[in-house]
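Here is the structure we will look at.
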């Protein structure tokens, strides 16, 4: 009975972008990478790195743990790492997701390399090879330079990397492609053979590089994509007995690109849109679940009238416009709230428990979230809640 | 057969009992409907816009209420606000009427206690409509007290929709007047009840009503002057009674003691000239009582006459001397300018430009009387006639309330509000009496017709009845026509009230709406855009200089420190800002730097055609600035006594700071098709100085429709200052 009386249960989950595990067995250094291809996409402030590795077991025993090496700066900005094994040839390829875990290696080389281990589904026998695809997502990785720009200037950023792929294995052949958002590249460091065509810079191919060989490069280029960062997002999911889920999201948004300097001239902004405020942004798009209702968009001082909702059977799109365009360093806070039908998200299992199945994350597109807190408010009378999240999170129960 | 008549009469009896019950039922249900009507007719703005606070002053009230909910009563009482009147600050607890905020927080706490998860903003938005509903109930009881329950019902209906009251009590207009009109009417009602009954309990209630009024609004001065005046009139007209003595003394003494608990009012009841009338009447009352007693003791009339003469002369002399001494010694403060301007409408215009500059302090135009009262304006004299026909203590009171408040309503637009309850009550008497007379006429005629028909069969006629019968058809038709006329007028009144509420009094003024070219609704949300920009993108301790109108909004919504705000307590400080706005830029920058200003905010309507902007208010800045600093001279800004901004404008006008800030880079802007660039749509002219250069300020933000423009004060150039010191 007591449990029923103090029934309002808040379950808070906190998720940080970077997670650390301690798991450790030293993997045998018996692989050789026969071919590595890296494609770096710099078109927004979220950097996607696609790494295709052809891994060959040069050792004598079967092995199943492939180690990836990353520099400490890369690890600091790493938001996600994902690996999959490619089966089949050419068009009939299938990919199989593999488990990736951070690892500590005892015999680490002089630079503070950090490691991630990929656990292959089937051990690779001696002499066999397989193709792995690795996706890294980095955030806050582009450094605006100059750090302060005026309204009429475009935003230039630095991208730092190494032309050679950092690896604890011998790489026989490697190529790196860097894709910039436009052809406007101020400068980049060459390491022959280097070739630039259009929006793509090609480093390589480089032959037979020993483990841990690096060659620092940078690319200084124009990137006017919105550097929209949510410094803090608090999402409250309130489950009601009456067939409704009410979601309230509190955003603290900032333009994390080059800081705006000097005047903001409305007449320039209005009349010369193409050359003015190129790095600023006005619109944000939120993709909400279908059958969303009672959507509102407001802040501390009232409703913000500039928003549009488009709904169809698969998704709902909410286009919102902050009260003013955001220039570098400008902030805005706002709240988005909406209701959802309960039956779309709450399921009953045979053991008389109920499951809330809800997507973890931020519905705004192209957004980096630095700190995310999700609060699930359970209805009266709920007991023993437990979260199931595919990655580790901090969570605690508030009564 | 014999039982039949008996049962019929029983039925009749029970039916008769039922009519009384029915009457009660109808009365209660009408009151309930009126109560609901008064609330929902004020919700136009919430439905059309959103649940938000309107105008200027309500933002301060909202901010203080928020502070009260967050920090509790004692912190609120001791609150020193650093965010306004920089660098002076403001002792908020001692300079406001806390009634409104305490009321809202009380409602909020009660709702929270009942497990309604409301936000304090919703409570604030709906406080005024809620109290308007309560006012209708008080109006009913008041009408019942001075006339009859019919008049009370009509009064309740009239006041529920009267635009004069709605103008200050729509949802979102979270201002002192919202609760004060309720408190005012309640105090008057209970006082009249106390005078009628002589009951100590009612006069105690009126003292508490007065206390609530004092805690809510500065308009309590009206009560503390009207009631003594009323008592004086009763004394003069020989209506002195023990009931009056009990009611007034109890109400005055207790009300005064209670009112002293409000820090903003303090000892004004014994020290300020505006409250002296009440005290004088109080002493006069004692003299009257004493004389009454002496008259009772002395049987000799001659002796009493002599005694009366001596007592009255000495009492008046002592009172006069005391008043004179108090005035001379400065113990009793003289009347304030605001009070004085009520008695002499031209006073403010000549002496206190800051009062005259407020639009709601202007003398009332005839049209706004019509707008706010509609048919009540014609019913008011009719009601006065009925009141005079049936004079009693209560009707004398309502007549005096009506006449004095009507005078004040003529002096200041905003005081129409105070007159509204009286006008509604007196008009209700007129309506109720007329309709009652007419229906009585109709009913009696029906009887006459019946008797006539029986008479026709009986064949016996008296001459007087024949006379009645002759005038019958004409009278009946006339009565029906008059009744229809009355109902037509009342329905016109209801239509007018709804229309006025919907069109004129339900816009929040912080969000502007206009019709687009295709008939669609265009929203200008520039104020909030600018305030939110200030809130998010300026340093926490930034100081914003603007004209005082926007002070409350900047602190409440922008959360930034302002130099001056709508609490116009320091005229010099406001004049300094006015001087800065009307000086050349290099002179203004010295004032701006001395005030430690970081941002300057101006409101500009040239792009949208929004007419209440700073350029249109600018002459008041010049006047107020010039009132303290004679360097600023109004004629410098005028050309042949004309105020203009185009090419023919005065050179000082074209180069003063306000002009520059409003029109900076406006010369490049195309506002209207077929007009030259730099065409000011609010004033309909092409501006005179298109090449505005700013030296010490830079544009920091301009809203999407240019309504609010914010400038950043550039950091001082040290070398420039050194040069100033060397050569200046």
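The values are calculated or read from the model by the stated rules, or taken from the named source; none is laboratory data. None of these values were measured; they are calculated from a predicted model. So basically every Cβ, Gly included, is an ideal-geometry build from the backbone, and we count neighbours across all protein chains shown.
Regarding residue A:285, is this residue part of a loop (DSSP other than H, G, I, E, B), touching a residue at least 24 places away in the same chain (Cβ under 8 Å), surrounded by fewer than 21 Cβ atoms within 10 Å (Cβ to Cβ) and within 26 Å of the chain's Cα centre (by Cα)? Break it down into steps so the answer makes sense when it comes.
Numbers: part of a loop (DSSP other than H, G, I, E, B): no; touching a residue at least 24 places away in the same chain (Cβ under 8 Å): yes; surrounded by fewer than 21 Cβ atoms within 10 Å (Cβ to Cβ): yes; within 26 Å of the chain's Cα centre (by Cα): yes.
It is false that residue A:285 is part of a loop (DSSP other than H, G, I, E, B), touching a residue at least 24 places away in the same chain (Cβ under 8 Å), surrounded by fewer than 21 Cβ atoms within 10 Å (Cβ to Cβ) and within 26 Å of the chain's Cα centre (by Cα).
Quick one: in segment B:223-233, of everything that is touching a residue at least 60 places away in the same chain (Cβ under 8 Å) and crowded, with 20+ Cβ neighbours inside 10 Å, which residue is farthest from the chain's Cα centre (by Cα)? Spell out the reasoning first.
First, the residues of segment B:223-233 that are touching a residue at least 60 places away in the same chain (Cβ under 8 Å): B:226, B:229-230, B:233.
Retained after the next criterion (residues that are crowded, with 20+ Cβ neighbours inside 10 Å): B:226, B:230.
On the way: B:226: 17, B:230: 22 Å.
If we take residues in segment B:223-233 being touching a residue at least 60 places away in the same chain (Cβ under 8 Å) and crowded, with 20+ Cβ neighbours inside 10 Å, then B:230 is farthest from the chain's Cα centre (by Cα).
Within segment A:382-391, is there a residue that is at positive phi, outside any loop (DSSP other than H, G, I, E, B), outside the structural domain of residue A:137 (by the TED database) and over 24 Å from the mean Cα position of the chain (by Cα)? Let's see the steps before the verdict.
Of the residues in segment A:382-391, the ones at positive phi are A:384.
Within this subset, residues satisfying the condition of being outside any loop (DSSP other than H, G, I, E, B) are none.
The answer is no; no qualifying residue exists.
When you go through A:380, A:348 one by one, which is the residue that is under 18 Å from residue A:241 (Cβ atoms), surrounded by fewer than 16 Cβ atoms within 10 Å (Cβ to Cβ), within 14 Å of chain B (Cβ to nearest Cβ) and modelled with pLDDT under 90?
Checking each option against the conditions leaves just A:380.
Can you pull out the residues in segment B:679-704 that are within 11 Å of chain A (Cβ to nearest Cβ) and touching a residue at least 12 places away in the same chain (Cβ under 8 Å)? Even if it seems obvious, please write down each step before you answer.
Keep residues of segment B:679-704 that are within 11 Å of chain A (Cβ to nearest Cβ), which gives B:694, B:697-704.
Selection gives B:694, B:697, B:698, B:699, B:700, B:701, B:703, B:704.
Looking only at residues in segment A:197-214 that are surrounded by 16 or more Cβ atoms within 10 Å (Cβ to Cβ) and part of a strand (DSSP E or B), which one is nearest to the chain's Cα centre (by Cα)?
A:201
Given the conditions (1) touching a helix residue (DSSP H, G or I) at 6+ places or on another chain (Cβ under 7 Å); (2) under 20 Å from residue B:577 (Cβ atoms), which single one is not true for residue B:655?
Among (1) touching a helix residue (DSSP H, G or I) at 6+ places or on another chain (Cβ under 7 Å); (2) under 20 Å from residue B:577 (Cβ atoms), the lone unmet condition for residue B:655 is (1).
State the number of residues belonging to segment B:358-374 that are touching a residue at least 24 places away in the same chain (Cβ under 8 Å) and surrounded by 16 or more Cβ atoms within 10 Å (Cβ to Cβ).
9
Answer yes or no: is there a residue in segment B:653-671 that is surrounded by fewer than 16 Cβ atoms within 10 Å (Cβ to Cβ) and assigned to a loop (DSSP other than H, G, I, E, B).
yes
Go over the candidates A:280, A:274 one by one and state the one that is at pLDDT below 90 and surrounded by 20 or more Cβ atoms within 10 Å (Cβ to Cβ). Break it down into steps so the answer makes sense when it comes.
Values: A:274 fails: surrounded by 20 or more Cβ atoms within 10 Å (Cβ to Cβ).
When all the criteria are applied, what remains is A:280.
Output yes when any residue across segment B:440-451 is out of contact with any helix residue (DSSP H, G or I) (no Cβ under 7 Å at 6 or more places or on another chain) and modelled with pLDDT of 85 or more, and no when none is. Break it down stepwise before answering.
First, the residues of segment B:440-451 that are out of contact with any helix residue (DSSP H, G or I) (no Cβ under 7 Å at 6 or more places or on another chain): B:440, B:443-444, B:446-447, B:449-451.
The next check asks that each one be modelled with pLDDT of 85 or more; those that pass are B:440.
Checked against the condition, which is being out of contact with any helix residue (DSSP H, G or I) (no Cβ under 7 Å at 6 or more places or on another chain) and modelled with pLDDT of 85 or more, segment B:440-451 yields at least one hit.
Could you please find all residues in segment B:629-651 being buried (at least 18 other Cβ atoms within 10 Å of the Cβ) and within 17 Å of residue B:691 (Cβ to Cβ)?
B:645, B:649, listed by residue number.
Residue A:336 passes all but one of (1) more than 30 Å from residue A:265 (Cα to Cα); (2) more than 14 Å from every other protein chain (Cβ to nearest Cβ); (3) in a strand (DSSP E or B); which number fails?
Failed condition: (1).
Taking the options B:314, B:299, B:329, B:333, name whichever one is surrounded by fewer than 18 Cβ atoms within 10 Å (Cβ to Cβ) and in contact with a strand residue (DSSP E or B) (Cβ under 6 Å, 6 or more places away or on another chain). Let's see the steps before the verdict.
Numbers: B:314 fails: in contact with a strand residue (DSSP E or B) (Cβ under 6 Å, 6 or more places away or on another chain); B:299 fails: in contact with a strand residue (DSSP E or B) (Cβ under 6 Å, 6 or more places away or on another chain); B:329 fails: in contact with a strand residue (DSSP E or B) (Cβ under 6 Å, 6 or more places away or on another chain).
It is B:333.
I'd like to know if segment A:178-191 contains one or more residues that are crowded, with 16+ Cβ neighbours inside 10 Å, in contact (Cβ under 8 Å) with a residue 40 or more places away in the chain and over 30 Å from residue A:264 (Cβ atoms).
Yes, segment A:178-191 has at least one match.
Residues checked against (1) within 21 Å of residue A:211 (Cα to Cα); (2) assigned by the TED database to the domain that holds residue A:116; (3) under 14 Å from the mean Cα position of the chain (by Cα):
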site	(1), (2), (3)
A:53	yes, yes, no
A:59	yes, yes, no
A:75	yes, yes, yes
A:94	no, yes, no
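I'd like to check something: does segment A:335-353 contain any residue that is assigned by the TED database to the domain that holds residue A:243 and closer than 30 Å to residue A:144 by Cβ? Show your work before the answer.
Our first condition is that a residue be assigned by the TED database to the domain that holds residue A:243; within segment A:335-353, this holds for A:335-353.
After this cut, where a residue has to be closer than 30 Å to residue A:144 by Cβ as well, the list is A:335-336.
Among the residues of segment A:335-353, at least one is assigned by the TED database to the domain that holds residue A:243 and closer than 30 Å to residue A:144 by Cβ, which makes the answer yes.
Examine segment B:527-548 for a residue that is within 14 Å of chain A (Cβ to nearest Cβ) and closer than 23 Å to residue B:166 by Cβ, and state whether such a residue exists.
no
Which of the numbered conditions does residue A:316 fail, given that it passes all the others? Conditions: (1) within 19 Å of residue A:250 (Cβ to Cβ); (2) surrounded by 18 or more Cβ atoms within 10 Å (Cβ to Cβ); (3) in contact with a strand residue (DSSP E or B) (Cβ under 7 Å, 6 or more places away or on another chain).
(1)
Any idea how many residues of segment A:128-150 are buried (at least 21 other Cβ atoms within 10 Å of the Cβ) and over 28 Å from residue A:35 (Cα atoms)?
1
Limited to segment B:549-560, what total is found for residues that are more than 11 Å from chain A (Cβ to nearest Cβ) and either surrounded by 24 or more Cβ atoms within 10 Å (Cβ to Cβ) or part of a helix (DSSP H, G or I) (or both)?
Residues of segment B:549-560 more than 11 Å from chain A (Cβ to nearest Cβ): B:549-552, B:554-555, B:560.
Filter once more, so that each one left must be either surrounded by 24 or more Cβ atoms within 10 Å (Cβ to Cβ) or part of a helix (DSSP H, G or I) (or both): B:549-552, B:554-555.
So the count comes out to 6.
Can you tell me which residue in segment A:260-282 is nearest to residue A:326 (Cα to Cα), limited to those that are in a loop (DSSP other than H, G, I, E, B) and within 8 Å of another protein chain (Cβ to nearest Cβ)? Break it down stepwise before answering.
We begin by selecting, within segment A:260-282, every residue in a loop (DSSP other than H, G, I, E, B); these are A:261-265, A:272-280, A:282.
If we keep only those that are within 8 Å of another protein chain (Cβ to nearest Cβ) too, we end up with A:262-265.
Values: A:262: 14, A:263: 14, A:264: 11, A:265: 13 Å.
Looking at the filtered set, the residue picked out is A:264.
If residue A:285 satisfies every condition in (1) in contact with a helix residue (DSSP H, G or I) (Cβ under 9 Å, 6 or more places away or on another chain); (2) under 22 Å from residue A:229 (Cα atoms); (3) away from every other protein chain (no Cβ under 14 Å) but one, which is the exception?
Among (1) in contact with a helix residue (DSSP H, G or I) (Cβ under 9 Å, 6 or more places away or on another chain); (2) under 22 Å from residue A:229 (Cα atoms); (3) away from every other protein chain (no Cβ under 14 Å), residue A:285 violates only (1).
Name every residue in segment A:289-332 that is in a loop (DSSP other than H, G, I, E, B) and more than 12 Å from chain B (Cβ to nearest Cβ), in order of residue number. So that I can check it myself, show each step before the final result.
At the first step, the residues of segment A:289-332 found to be in a loop (DSSP other than H, G, I, E, B) are A:289-292, A:300-301, A:304-306, A:312-315, A:321-325, A:327-330.
Passing the criteria: A:289, A:290, A:291, A:292, A:312, A:313, A:314, A:315.
Residue by residue through segment B:498-526, note down the ones that are closer than 17 Å to residue A:322 by Cβ and away from every other protein chain (no Cβ under 13 Å).
Here is the first cut: in segment B:498-526, the ones closer than 17 Å to residue A:322 by Cβ are B:511, B:523-526.
Residues satisfying the conditions do not exist here.
State whether the residues of segment A:215-237 include one that is touching a helix residue (DSSP H, G or I) at 6+ places or on another chain (Cβ under 7 Å), at pLDDT 90 or above, more than 11 Å from every other protein chain (Cβ to nearest Cβ) and not in a loop (DSSP other than H, G, I, E, B). Let's see the steps before the verdict.
In the first step, residues of segment A:215-237 are kept if they are touching a helix residue (DSSP H, G or I) at 6+ places or on another chain (Cβ under 7 Å); the result is none.
Checking segment A:215-237: not a single residue is touching a helix residue (DSSP H, G or I) at 6+ places or on another chain (Cβ under 7 Å), at pLDDT 90 or above, more than 11 Å from every other protein chain (Cβ to nearest Cβ) and not in a loop (DSSP other than H, G, I, E, B).
For the structure I just gave you, tell me whether residue A:257 is away from chain B (no Cβ under 14 Å), crowded, with 17+ Cβ neighbours inside 10 Å and not in a strand (DSSP E or B). Write out each step before concluding.
Numbers: away from chain B (no Cβ under 14 Å): yes; crowded, with 17+ Cβ neighbours inside 10 Å: yes; not in a strand (DSSP E or B): yes.
Considered against the rule, which asks whether it is away from chain B (no Cβ under 14 Å), crowded, with 17+ Cβ neighbours inside 10 Å and not in a strand (DSSP E or B), residue A:257 comes out as yes.
Listed here are the residues, each with its yes/no results for (1) part of a helix (DSSP H, G or I); (2) within 19 Å of residue B:285 (Cβ to Cβ); (3) over 36 Å from the mean Cα position of the chain (by Cα).
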position	(1), (2), (3)
B:306	yes, no, yes
B:315	yes, yes, yes
B:322	yes, yes, no
B:326	yes, no, no
